[in-house]
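Quick notes on the structure that follows.
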Amino acid sequence: MAKLKFPHYHTFDGMTAYLKGVQQDHPKLASLSSMGKSHEGRDLWVMTLTNTETGPDSEKPAYWIDANIHAGEVTGGATALWTIDHLVRHYGKKNADGREVTALLDSFALYIAPRLSPDGVEAFLTTPRQVRSSLRRYPFEDEREGLHPGDIDGDGRILQMRVPDPKGPWVASKKDARLLRRRTFADNEGDFYQLYPEGLIKDFDGYTVKPAPPQYGLDLNRNFPFEWAPEGQQAGAGPFPTSEPETRALAQFFVMHPNINGVQSYHTYGGVLLRPYSGKPDDAMPTHDLRVFRQIGQRGTEITGYPHTSVYHGFRYDPKQTLHGGLFDWLYDSLGIFAFANELWDVVSEAGIGQEKDGLLTRDFIEWGREHPEEDDLKLLKFNDKHDLGGFEKWRKFQHPQLGEVEIGGWDYKRFWGVAPAKFLPGIAEKHARFTLAHAGASPRLNWKQVDVQPQGGGLYRIVAVLENTGFLPTYTSAKAQERKAVPPPFG
Ligand SMILES: [Zn+2]
């Protein structure tokens, strides 16, 4: 029997072996296919789950789950695998989970793609590197001048370097000597520092330290057709919409599966349930669809404890800028699908930081990242120490080949912020899978209410058939789908 190792972050081979094992163990329920190959030639796996004895997946309303379009967001990939395990383990069982899972797989199909950027995930899991998305060099073939992050002291991690400098924008905290806080206009004297990512400087002029533009700057989640914008306007966009093998395969899969009416894309981190639009306010959406999005989001908040918001209203990196070419905007606006993206794991709220609102701990997610009080950093350190998470490394002296004596240490962003520690992963996976399956259960449910066959004589029959929808969503899914003519008659 294929047993899911959990909590665990699987390399590609480990994940592939598990997925093949599930297919082998559950031939009636699970079928594994590859929707294409990544830039480096890895399969883009999709697990189709449905009870094939009640009909093939293509004849049922369907729900899609994906993860790791962003390479480092492996908490999402682990949650997608946990969901597969939960479904095949509970199908046919008599307990509450069993009844829910059985009803879902008898009436609907689920497509689960646990790793949309397998090349990037592999580099993330097996090297000290941070990778945004794909491993295709973009927008430059060559290495540009500037500081390139790298593990220069050979401890297997890329941390931070601090260098004493009277004009430095960081100052040592008086409350915890490990911490640096941003210098304010009132700080005229103190121990000031420059703070850089650990790494080496290409074409160093002996003075200037500036970050090099990323060599792997593609963001597959900016490469979709809806309001796509070129690199100068949207970093990571790629040369044209669906230019990359990973995004092209995904787009084709959706076009070939018009039965999909709901989507969950797992991301990390932030502790929030996101939905369209990224670039327009809520009142640009048909009222019907906004109400549905809010109802599903509210259910998600109840189950996961994370607030729900559109990207435009709650998660914009820059209030004067909007995001282009995102997956869920394309899925909703062009195909009429109710798509969510959950930002799993949030070390900030876990550490007790935020304002209480309607029983939830919340904050201005993006603004907090830019600026927050020193007390919040102290809380984070305390949380790290309490759970022994290894998220902050003591500063230690290092002879840098270009900068002379520096200290290496500080936050381990990759480990502490970006990835749920193993002890937190089971709780996250379970809550989010429960929300996702509740969303999947909102699909239309079609039943033949009545079929009358009356012989008319001469081999002629009059057939009256009444089909009813006992599900939550209408057969046309959304007002947007109707507007876009995305669902064919008789259901659209
Ligand atoms: Zn992401």
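Derivation of every value follows stated rules applied to the coordinates shown; laboratory data play no part. Since the structure is predicted, the reported quantities are computational estimates derived from the model, not experimental observations. All Cβ positions, even for glycine, are placed from backbone atoms using ideal geometry, and neighbour counts span all protein chains on display.
Worth pointing out:
- Two tests apply to each whole DSSP H helix in the chain, Cα reach of 18 Å or more along its axis and mean Kyte-Doolittle hydropathy of at least 0.0, and the ones passing both are 74-90, 425-440.
- If you look at the Cα atoms of region 295-452, you get an Rg and a Dmax of 20.9, 88 Å.
- Whole-number percent relative contact order across region 1-141, with pairs defined as alpha carbons under 8 Å at least 6 apart: 29
- The dipole here belongs to the chain: it is taken about the Cα centre, uses +1 on the Cβ of Lys and Arg and -1 on the Cβ of Asp and Glu, and is about 1120 debye.
- Proximity of backbone amide H atoms, modeled 1.01 Å from N, is registered between Thr268 and Leu344 at under 5 Å, excluding neighbours fewer than 5 places apart on the same chain.
- Highest-first packing order for the peptide set 336-343, 375-382 is 336-343, 375-382, based on the mean count of other beta carbon atoms within 10 Å.
- With the alpha-carbon atoms of region 225-341 aligned to their principal axes, the span from lowest to highest coordinate is 40, 36, 28 Å, starting with the largest.
- Take the Cα of Phe6, step 7 Å toward its Cβ, do the same at Lys167, and the gap between the two points is 5.4 nm.
- Using θ = phi - 60° and Karplus 6.51 cos²θ - 1.76 cosθ + 1.60, couplings along region 398-410 (whole Hz; Gly, Pro as x): 8, 8, 7, x, 10, 9, x, 6, 10, 10, 10, x, x
- Label-point separation in nm, Glu145 to Asp318, each point 7 Å along Cα→Cβ: 2.4
- Share of pairwise Cα separations in region 68-171, more than 19 Å, in percent: 64
- Of the chymotrypsin sites (Phe, Trp or Tyr not before Pro) in region 88-197, the ones in a loop by DSSP (not H, G, I, E or B) with at most 10 other beta carbons within 10 Å are Phe185.
- Computed over the chain, relative contact order equals 16 percent, with contacts defined as Cα pairs under 8 Å that lie 6+ residues apart.
- Residue by residue, region 356-365 carries 3J(HN,Hα) couplings of 6, 9, 6, x, 10, 8, 9, 7, 7, 4 Hz when phi is fed to the Karplus relation 6.51 cos²θ - 1.76 cosθ + 1.60 (θ = phi - 60°); x denotes Gly or Pro.
- Each of Asp333, Asp364 has some number of other Cβ atoms within 10 Å of its Cβ, and from fewest to most they run Asp364, Asp333.
- Amide H contacts under 5 Å for Trp395: Gly410, restricted to partners 5 or more places along the chain or on a different chain, H placed in the peptide plane at 1.01 Å from N.
- Between the residues Pro149, Gly199, Phe338, the greatest Cα displacement towards the positive end of the dipole of the chain, with unit charges on the Cβ of Lys, Arg, Asp and Glu, is found for Phe338.
- Charge-dipole axis of the chain as Lys and Arg at +1 and Asp and Glu at -1 on Cβ define it, positive-most pick from Tyr216, Pro455, Leu274: Pro455
- Calculated P(r) of the chain - Cα pairs past 41 Å, %: 24
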